[in-house]
Every structure is written in C-alpha cells, then in structure tokens.
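Below is one structure; the comments refer to it alone.
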Amino acid sequence: MAFFSVLVPPTYKTPDRLDKYICDHTPNMNRSKLKSGLVTILVNGKPQKISYKVKPSDRIDVQWEENVPDNIDPEDIPLDIVYEDDNVCVVNKKQGMVTHPASGNWSGTLVNALLFHWNRQSIPELKTGSASEILSNRRPGIVHRLDKDTSGLIITAKNRDTEEFLGNQFRNHNKIYKEYICICMGRPQHSHGIIETQIIRDPKDRKRFKAVVGTDEGKFARSYYRCISCYGEYSLMRVRINTGRTHQIRVHMKYLNCPILGDQIYSRPDRKFPGATLMLHSRKMRIHIPGFRNKMEFVSPTPRRFVEVMKILKKDYPKTILPDDR
C-alpha cells in the first residue's frame, strides 16, 4: 500500500483536474496507473472525485495500491448457499470474508468464490476507463456488501438483468427489509427507537466514520433498533436499516453509547471477552427476486460466536427486559 501527499502551491492558478495534477507532480505516475490502483483521494481531509478542480493551497493525500493483479480469478472456496436459482444466489457469508477484490484483498473474496461456484472464467482487471468502470469490473454480481467482519446474508446476481433488478431495490432501501442482530457493550436508554443522523468520515482517522446531527455534511442514515434483552451491561439488539451507509450500524450503535462487542474500530477492548470478534450478523432479508410475485424471505441461523457469548452472559447475569417506554 502506498501513501503520498501533494501540496498545491498558494500561487498555483491552473484549474487542473485532480488526477492530472497528481500525475504531473508524482514521479512515475500516469492516469491509467493511478485509476487502476486508486483506493482513496482526500483533499484537505475530505474524499474527492478525480474530476475535482484543484485550488491553491489544497493538500492532496492519496492511498494507492501498487500491485494490482492482472486478473480476478475463480477460487475453490466453500460457500454456505441459502438459496439459488438461475438469477440469484443468496449466501450466508462467513465472518472474515471480503465481499469483492479491493486494495489489500485481491483474493479469497466472495467474488472469487462465486466465479468458481458459477463455473465462470477469470475476469481481466481493467487498467483504463473511469474509476467507476474499474470498480464495477471487480464486483460482478455484487449489488450490496457486508463488512469483512460482519457475517450473514448477502444476495448476488447471476446476470446483468438481475443485477439491475436488485440494484434498483438497494438504491431505494424502502423496497427491501434487512435485519441484523448484534451484541453491544452497554444498555440503550430506551427499549427501541429510530436513529437518524448524517454519517461523515472522521477527520482524525480516515478509517472511521462519525454520526453527526445538525449539519448537511456527509450522508443521511436511518436505523431502527430494538433491545431484545440485557445481561449486566451487555445488550442483545435487533437493528433494521433504512439506508445503506458504510459502517452504518457500527457507527449508530456507537452513537447510542452501545458500541458493538468486538468492534476494533468503534469500541474498546472488553475485559470479559478480550478475544471477541465483531458481534454483528445479517440475520434476515426480504426482497423481490425475478420470477416471483411476492417478496422472498431468507433467514440465517445465529452464528456460533453469538451462541458462545450469550451462553456466558446468561450464566453470569440475570436477563433483563427494558420497559417498553415509547
């Protein structure tokens, strides 16, 4: 992974595109090379498109992948298939699997596994074209994603028409139902509620996001939560999302002062469960799929890691149900 920064002189007057300026002022760099390996571009700490026009005194920070492979190859990786027909494949994604190839994870992804499962050929990595075309080429059939450490249901498309059919529903989350379960550190103030915030990138750490209110900055996010039960200072929560923002549930649980157990980005290490991994699981989905009049419902079983933690919590603490105060 390469990181480099460029500072635009205060006297600079040419309104160059961001990609052109970077290539003109970075040794051994050209636009094709930049776009094929680009991970993130920040201008003055905020993400920007490569078409952005540079301004005097701009600080440009670039994260770039040096060793982009020539192909995305099929890999014989076992998959837990929940449902499959000629158009869709619903997978119960295991924790630790990345959804599609990207910087630092060019193999072992769900896409690599699906290519093998579907008897597809390797996909040549695009070296030219727009950034969106390059990214789209790396994720055939992927219409939504789960974080690497989030397990559970993910639906994929086996042809272009289905990809567009499903994609339209994910662009309007009111048309689908996605429910997650999570084990959190802390108790919510209310038994259930709606969290509505903007989500922005944390200016102090580009890997993190923050929930903020009272601003138009960032992207709007809405989550519905219900506390199923509490055990000591731990809570078993059910969360439904109405938007699909990066890290949305993790950020909103942190905003609720109930960060998810095992979240290495948004929560502190826990003394009782020091080895816990992210306790977030995509449990249920209802969605229209081609060939069916009514929505199909898919349910994933509770993961073993949840069962093991809950067994300890039930042994050590009495079960508490928060009063339904709303």
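The values are calculated or read from the model by the stated rules, or taken from the named source; none is laboratory data. Quick caveat: nothing in here was measured; it's all calculated off a predicted structure. All Cβ positions, even for glycine, are placed from backbone atoms using ideal geometry, and neighbour counts span all protein chains on display. Side chains included, ligands, DNA and RNA excluded: accessible areas come from the protein's heavy atoms. Shrake-Rupley method; radii C 1.70, N 1.55, O 1.52, S 1.80 Å.
For segment 171-199, a tally of residues being closer than 30 Å to Thr156 by Cα and at pLDDT 90 or above returns 15. Glu163 - would you say it is in contact with a Gly (Cβ under 8 Å, 6 or more places away or on another chain) and at negative phi? Yes. Restricting segment 76-125 to residues that are open to solvent by 30 Å² or more (accessible area, probe 1.4 Å) and of a type in the set (D, E, K, R), the residue that is farthest from Asn159 (Cα to Cα) is Lys94. Residues of segment 75-85 include none that is closer than 22 Å to Tyr180 by Cβ, outside any strand (DSSP E or B) and touching a Pro at 6+ places or on another chain (Cβ under 8 Å). Taking strands (runs of 3 or more DSSP E) as the structural unit, those lying wholly within segment 207-326 and holding at least 2 residues that are at pLDDT below 95 correspond to 209-212, 219-231. The number of residues in segment 161-189 that are of a type in the set (Ser, Thr, Tyr) and under 25 Å from Pro301 (Cα atoms) comes to 2. Mind checking whether some residue in segment 142-160 is among the β-branched types (Val, Ile, Thr), out of contact with any Ser or Thr (no Cβ under 8 Å at 6 or more places or on another chain) and within 22 Å of Leu115 (Cα to Cα)? Yes, there is a match, as at least one residue in segment 142-160 is among the β-branched types (Val, Ile, Thr), out of contact with any Ser or Thr (no Cβ under 8 Å at 6 or more places or on another chain) and within 22 Å of Leu115 (Cα to Cα). Can Arg271 be described as on the phi < 0 side of the Ramachandran plot and open to solvent by 90 Å² or more (accessible area, probe 1.4 Å)? So Arg271 fits the description; yes. Only a single criterion out of (1) under 30 Å from Val82 (Cα atoms); (2) over 18 Å from the mean Cα position of the chain (by Cα); (3) open to solvent by 10 Å² or more (accessible area, probe 1.4 Å) is not satisfied by Ser229, namely (3). Considering segment 203-226, and only residues there that are of a type in the set (D, E, K, R), under 19 Å from the mean Cα position of the chain (by Cα) and surrounded by fewer than 17 Cβ atoms within 10 Å (Cβ to Cβ), the residue that is nearest to His173 (Cα to Cα) turns out to be Arg222.
Within segment 232-259, the set of residues being small (Gly, Ala, Ser) and surrounded by fewer than 17 Cβ atoms within 10 Å (Cβ to Cβ) comprises Gly232, Gly244.
Filtered by the rule that a residue be surrounded by fewer than 18 Cβ atoms within 10 Å (Cβ to Cβ) and part of a strand (DSSP E or B), segment 164-194 gives Tyr177, His192, Gly193, Ile194.
The listed residues are Val309, Val299, and the only one of them that is within 23 Å of Met97 (Cα to Cα), β-branched (Val, Ile, Thr) and open to solvent by less than 30 Å² (accessible area, probe 1.4 Å) turns out to be Val309.
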